[in-house]
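Participant: Dumping the structure here so I can ask a few things about it.
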Amino acid sequence: LAKTTQPISMDSYEGQEVNITCSHNNIATNDYITWYQQFPSQGPRFIIQGYKTKVTNEVASLFIPADRKSSTLSLPRVSLSDTAVYYCLVGDIENSGAGSYQLTFGKGTKLSVIP
Amino acid sequence: GAGVSQSPSNKVTEKGKDVELRCDPISGHTALYWYRQSLGQGLEFLIYFQGNSAPDKSGLPSDRFSAERTGGSVSTLTIQRTQQEDSAVYLCASSSPWQLAGGADTQYFGPGTRLTVL
């Protein structure tokens, strides 16, 4: 199970681009990288997922270098509503069966967007 | 379509009592997860169900915790003889077969049940 390391918190002003980096030095070949967002009093919500290079959707971009030992979630032009906790997860369910699969969300990165 | 639902949304109980928390996953999702989140903390994995396979119970903190999933759909998490340290938000998530979703598992979370043990 790949361990991830993220900053505990980040602050940003509205309209700025925010980059949150996650380290996962022992990522395995079959592991994917997934980011979730959690607002207060709600369950986490899927944002983006990738395996290598760059992935972009309507919400964010995910940059993954060639060695895959880290990944960066990029949020363009954040607004106050982007204030949340962001979790980076690394894992592979493809080849796991019952008894071998476990998810570790960790404490995530608390992003505070300032007016 | 309907998302993951959980009931009750809030539960207050006295120390030593048993509680049951319910999760209704998204229809067709074969995988179901239970997590626990204490105030200001990250999510703690509890148990994982996948289809008809034996569940992964490796995250259950003690034998007071158990979960079942009937008919591959609804799941119930039971905590016996509750303790004050069991107070937390209990989150349920479900996911579709990875082969259809592409890539690795993408989980859809319910709103959680806030459990308070007095």
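Participant: Among the residues of the stretch A:15-53, how many are without any contact (Cβ under 8 Å) to a residue 24 or more places away in the chain and surrounded by 13 or more Cβ atoms within 10 Å (Cβ to Cβ)?
Facilitator: Counting residues in the stretch A:15-53 that are without any contact (Cβ under 8 Å) to a residue 24 or more places away in the chain and surrounded by 13 or more Cβ atoms within 10 Å (Cβ to Cβ) gives 8.
Participant: Right, another one. Touching a helix residue (DSSP H, G or I) at 6+ places or on another chain (Cβ under 6 Å), over 19 Å from A:F105 (Cα atoms) and either aliphatic (A, V, I, L, M) or open to solvent by 50 Å² or more (accessible area, probe 1.4 Å) (or both): does that describe B:I79?
Facilitator: Considered against the rule, which asks whether it is touching a helix residue (DSSP H, G or I) at 6+ places or on another chain (Cβ under 6 Å), over 19 Å from A:F105 (Cα atoms) and either aliphatic (A, V, I, L, M) or open to solvent by 50 Å² or more (accessible area, probe 1.4 Å) (or both), B:I79 comes out as yes.
Participant: If we keep just the residues of the stretch B:24-37 that are under 14 Å from B:G59 (Cβ atoms) and either without any contact (Cβ under 8 Å) to a residue 12 or more places away in the chain or in contact with an Asp or Glu (Cβ under 8 Å, 6 or more places away or on another chain) (or both), which is farthest from the other protein chains (Cβ to nearest Cβ)?
Facilitator: Within the stretch B:24-37, the match that is farthest from the other protein chains (Cβ to nearest Cβ) is B:R36.
Participant: Can you tell me which residue within the stretch A:7-41, out of those that are of a type in the set (F, W, Y) and either modelled with pLDDT under 90 or in contact with a Phe, Trp or Tyr (Cβ under 8 Å, 6 or more places away or on another chain) (or both), is nearest to B:G40 (Cα to Cα)?
Facilitator: So the residue we want is A:Y36.
Participant: Looking at the stretch A:54-78 only, could you name the residues that are part of a strand (DSSP E or B) and open to solvent by less than 90 Å² (accessible area, probe 1.4 Å)?
Facilitator: Within the stretch A:54-78, A:V55, A:T56, A:S61, A:L62, A:F63, A:I64, A:S70, A:S71, A:T72, A:L73, A:S74, A:L75 qualify.
Participant: Is it the case, given these coordinates, that B:T76 is more than 9 Å from every other protein chain (Cβ to nearest Cβ), over 27 Å from A:I33 (Cβ atoms) and either of a type in the set (G, A, S) or in a strand (DSSP E or B) (or both)?
Facilitator: Answer is yes for this residue.
Participant: Restricting attention to the stretch A:86-97, and to residues there that are more than 7 Å from chain B (Cβ to nearest Cβ) and farther than 17 Å from A:W35 by Cα, which single residue is modelled with the lowest pLDDT?
Facilitator: Looking at residues that are more than 7 Å from chain B (Cβ to nearest Cβ) and farther than 17 Å from A:W35 by Cα, I get A:S96.
Participant: Which one of A:S79, A:S112, A:S100, A:S74 is out of contact with any strand residue (DSSP E or B) (no Cβ under 6 Å at 6 or more places or on another chain) and at pLDDT 95 or above?
Facilitator: So the residue among A:S79, A:S112, A:S100, A:S74 that is out of contact with any strand residue (DSSP E or B) (no Cβ under 6 Å at 6 or more places or on another chain) and at pLDDT 95 or above is A:S79.
The values are calculated or read from the model by the stated rules, or taken from the named source; none is laboratory data. These numbers were taken from a predicted model, which means no experiment stands behind them. Heads up, the Cβs are rebuilt from the backbone with ideal geometry, glycines too, and the neighbour counts pull from every protein chain shown. Accessible surface is based on the protein model in full, side chains and every heavy atom, while ligands, DNA and RNA are left aside. Shrake-Rupley method; radii C 1.70, N 1.55, O 1.52, S 1.80 Å.
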